[in-house]
1. Which ones in the stretch 206-222 are of a type in the set (A, V, I, L, M), surrounded by 24 or more Cβ atoms within 10 Å (Cβ to Cβ) and part of a helix (DSSP H, G or I)?
2. State whether one or more residues within the stretch 300-322 are β-branched (V, I, T), without any contact (Cβ under 8 Å) to a residue 24 or more places away in the chain and under 30 Å from V146 (Cβ atoms).
3. Restricting the search to the stretch 238-253, which residues are in contact with a helix residue (DSSP H, G or I) (Cβ under 8 Å, 6 or more places away or on another chain), under 24 Å from G214 (Cα atoms) and open to solvent by 70 Å² or more (accessible area, probe 1.4 Å)?
4. Part of a helix (DSSP H, G or I) and modelled with pLDDT under 85: is that true of A112 in this structure?
5. Test each condition in (1) within 49 Å of the chain's Cα centre (by Cα); (2) modelled with pLDDT under 85; (3) open to solvent by 20 Å² or more (accessible area, probe 1.4 Å) for E119 and report the one that comes out false.
6. Return the residues of the stretch 132-160 that are of a type in the set (A, V, I, L, M) and surrounded by 14 or more Cβ atoms within 10 Å (Cβ to Cβ); say none if nothing qualifies.
7. Please determine, by comparing only the residues of the stretch 86-103 that are surrounded by fewer than 16 Cβ atoms within 10 Å (Cβ to Cβ) and in contact (Cβ under 8 Å) with a residue 12 or more places away in the chain, which one is farthest from the chain's Cα centre (by Cα).
8. Taking H243, is it within 28 Å of the chain's Cα centre (by Cα) and in a helix (DSSP H, G or I)?
Amino acid sequence: MCKEAPVADSDEEEGFVEENEFLKRARKWASETATAPLERYGSTRSNLTDGGLNAGDRRANLDDKEGKAEFFLTLLYHSLDDSKLYFASCITLPIVWSCVCAWFSRWLRARARDDPGGEAFFWLEDIQNSRHAITVLGTLFVFTLVFRFNTCYDRWWDARVYWGDIISRCLDLNMMNRRWIANEELGDRLSRYIVAYAYACKALLRGTSLAEDGGDGKALTQRGVLTAEELTHIHYNPCWQPHYFLDLIREVIVLAHKVPGGKGITVDENNKVHGQFFRCFDGIIKQMTDIIGDAVRTRASGLPPTYDAITMLSFFTFFILAALVWSASIGWMTPLLVGFTSTVIMLLIVMGSKLVDPFGYDKVDIPMEAFCETIEGMSLCGGPLFVKRIAEHGHLFPLLTLTIQ
């Protein structure tokens, strides 16, 4: 006969059920965070501010409520947020010049009709015969434009790849922490430093600091990710903050290896695989160091000034000559054609300039706030001291409070 399982006290059983239900909801939220549309949280992150503005309002909404990608022309328009005067001045000159060319071609036609075979007739014929030269010049201009835009897009894509690697390495390190670190206090410190590393990467790539006004340090302290002492130490000891937290992560791992009897690392120190755990941790940390180094290199390198100079020189040269040649054939349709094509081309040039620095606040930039929140949710949800921190602080961070209530 099967023995009856012991019946727990009603209070203990009720608390156990509540804790299980809470963890289930927390883990469900964590799994949704990685795939939910980023705009879902766009207006809720009041604690994540930068420069006095809500960070969610300055981040690109990748999808609308129906799940459709944001219209490409919308992104082009938002690329002009701080470049409208430059944009308008660049397209005004070709349009005005095309109007002058249209009037000149009309005057030439009138003179050619009045004096067939005269000087005006040959001028008009020579201009019309320049169509093939303009075609060659346009091909070279398009090649220059596409080459520059591809270079800018490659920088944006590299930044996207780097942040994907940051997320992957942080989650890999966190899984090692959950399974291989037996000490709850050390494991909790390691999880906190992983989250702080992600926010420090964002701050470094934007040229700011966690400890400065408007940084994420105060919010991280309120959420229990950083202590006040750690934030103060960062403030009075300027450094590359991602490397500072990587050093703290190494310190935690060393301390865990020093705890004997399998109470630091899950296996006893006499086990043959004990040293292999340290190699795994150290390998991930080295990769995290390399990734932030690559991202900093991308941000600091920029584009050679000659790229922009050659592109703009080709832009004005092409439209000045093309407007003159086109006006001989299409007359007053030339300003319309020049206005439309110059607008589209300038949009691509300005958008490419925005992609050069993919770590800023523009619509086309990398949504680093959302990536950091994903790392924070996946690193802290369900951890050993997760429920304890919720009880102490009332919430782990604002997104979690909104989701599990």
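1. L220 - this is the single residue of the stretch 206-222 that is of a type in the set (A, V, I, L, M), surrounded by 24 or more Cβ atoms within 10 Å (Cβ to Cβ) and part of a helix (DSSP H, G or I).
2. yes
3. Hit for the stretch 238-253 is W240, nothing else.
4. yes
5. Here E119 meets the rest and fails (1).
6. I134, L137, L145, A159
7. Within the stretch 86-103, the match that is farthest from the chain's Cα centre (by Cα) is L93.
8. Yes; evaluated as a whole, the condition is true for this residue.
The values are calculated or read from the model by the stated rules, or taken from the named source; none is laboratory data. Fair warning: this is a prediction, and the values are worked out from it, not measured in the lab. Cβ: placed from backbone, ideal geometry, glycine included. Neighbour counts: every protein chain shown. SASA here: full protein model, heavy atoms, side chains in, ligands and nucleic acids out. Shrake-Rupley method; radii C 1.70, N 1.55, O 1.52, S 1.80 Å.
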